[in-house]
Amino acid sequence: MDNFAAVKPIFLIGYMGCGKTTLGRALSRQMGYEFIDLDIYIENRYHRSIKELFALHGEEGFRKIERRMLEEVSEFERTVVACGGGTPCYFDNISLMNSKGITVYLTTPTERIAARLSLPGAKAKRPIIAGKTDDELKQFIDGNLKAREPYYSQASITFDSTDIETASTTESTAAHLANILTARQ
């Protein structure tokens with residue numbers, strides 16, 4: 001996809017576990033774009049983990065930091081940005097992303113998200129779900145998805161990211177998304 005003409009950033013949004021980072025890395029390789037995971041970008045800039053930033057600044061303070069970093073990466077060219085699950089839901093972040101680039105809402109059924117988040121190590125990386133049983137996790141995901149849908153649904157493109165379970169299916173799913181993005185130019 002070296003001939004991909006657009007230089008606008010591509011913002012991947014959606015709930016945790018929907019594949020923003022996994023699919024984003026594959027998509028950026030196929031398109032010849034840089035890949036940025038917004039949470040890692042923030043951690044590298046602030047030399048603290050997201051968990052530490054939440055503890056130090058509270059959610060409101062963290063969301064202000066996240067907004068500043070989103071503004072920064074929205075000026076980058078030829079970049080795929082995997083946003084945090086809550087990023088589009090604060091301030092006018094979804095409007096900013098839509099005005100600066102192309103937003104892609106990655107959808108995945110609750111059951112698949114819950115299965116991904118139940119994998120060994122996944123809960124440990126996400127303290128908000130660490131102590132939840134499988135049923136509690138599904139209810140938590142359903143509730144959050146309903147609350148966030150009004151923001152997620154404002155994306156330029158809605159794309160099913162269910163089938164990214166293997167390297168091969170991730171690559172073919174990324175190729176399909178790259179074709180959609182190319183056709184939009």
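The values are calculated or read from the model by the stated rules, or taken from the named source; none is laboratory data. This is a predicted model, so every value here is computed, not measured. Note that each Cβ is placed from the backbone with ideal geometry, even for glycine, and that neighbours are counted across all protein chains shown. SASA here: full protein model, heavy atoms, side chains in, ligands and nucleic acids out. Shrake-Rupley method; radii C 1.70, N 1.55, O 1.52, S 1.80 Å.
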Could you report the range 138-185's accessible area per residue, 1.4 Å probe, as an integer in Å²?
55
Using Cα springs under 10 Å in a Gaussian network model of the chain, which residue among ARG116, ARG45, ARG63 shows the largest mean-square fluctuation?
ARG45
Paired Rg and Dmax values of the chain, which use every Cα atom, in angstrom:
15.8, 47
Once the in-chain neighbours fewer than 8 apart are removed, the aspartates and glutamates whose Cα is under 12 Å from LYS8 read GLU34, GLU75, GLU77
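Would you be so kind as to identify all helices of the chain, as entire DSSP H runs, whose Cα atoms reach 18 Å or more along the helix's own axis and whose mean Kyte-Doolittle hydropathy is at least -1.0?
Membrane-span-like by this rule: 50-73, 167-183.
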Taking only Cα atoms and a 10 Å spring cutoff, compute GNM fluctuations for the chain and point out the largest among ALA55, ALA175, ALA82.
ALA55
Magnitude of the charge dipole, the range 114-185, Cβ model with Lys/Arg +1 and Asp/Glu -1, debye to 20
320
About the Cα centre of the chain, what is the dipole size in debye to 20, counting +1 per Lys and Arg Cβ and -1 per Asp and Glu Cβ, all else neutral?
200
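Cα gyration tensor of the range 134-175, axes a ≥ b ≥ c as square roots of the eigenvalues: rounded (a/c below 1.5), prolate (a/b > b/c) or oblate? Write out the running numbers ahead of the final one.
On the way: a/c = 5.78, a/b = 1.37, b/c = 4.21.
Oblate, since a/c reaches 1.5 and b/c is not below a/b.
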Just PRO88, PRO120, PRO150 to compare: in a GNM of the chain, with alpha carbon springs under 10 Å, which one fluctuates most?
PRO120
Of the cross-linked pairs LYS20/LYS138; LYS64/LYS132; LYS100/LYS146; LYS64/LYS100; LYS100/LYS138, which ones have a Cα-Cα span greater than 23 Å in the structure shown?
LYS64/LYS132; LYS100/LYS146; LYS100/LYS138
Positive end of the charge dipole of the range 70-185 (Lys, Arg +1 and Asp, Glu -1 on Cβ, about the Cα centre): tell me which of ILE102, THR182, THR162 has its Cα farthest that way.
THR162
Set the Förster radius R0 to 22 Å, insert the Cβ-Cβ distance between ILE128 and GLU77 as r into 1/(1 + (r/R0)^6), and round the FRET efficiency to 0.05.
0.10
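So what is the 222 nm mean residue ellipticity for the chain from helices alone, if each DSSP H run of at least 4 adds -39500 (n - 2.57) and you divide by all residues, rounding to the nearest 500 deg cm²/dmol?
On the way: 8 runs with 101 residues, N = 185.
Value at 222 nm, helices only, nearest 500: -17000 deg cm²/dmol.
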Using a 1.4 angstrom probe, figure out how much accessible area the range 1-121 has per residue, in square angstrom, rounded to the nearest whole.
44
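How much of the accessible area of the range 36-185, in percent, comes from carbon and sulfur atoms when a 1.4 Å probe is used? Please list the in-between numbers first.
Working: 3950 of 7740 Å².
Answer for the range 36-185: carbon and sulfur cover 51 percent of the accessible area.
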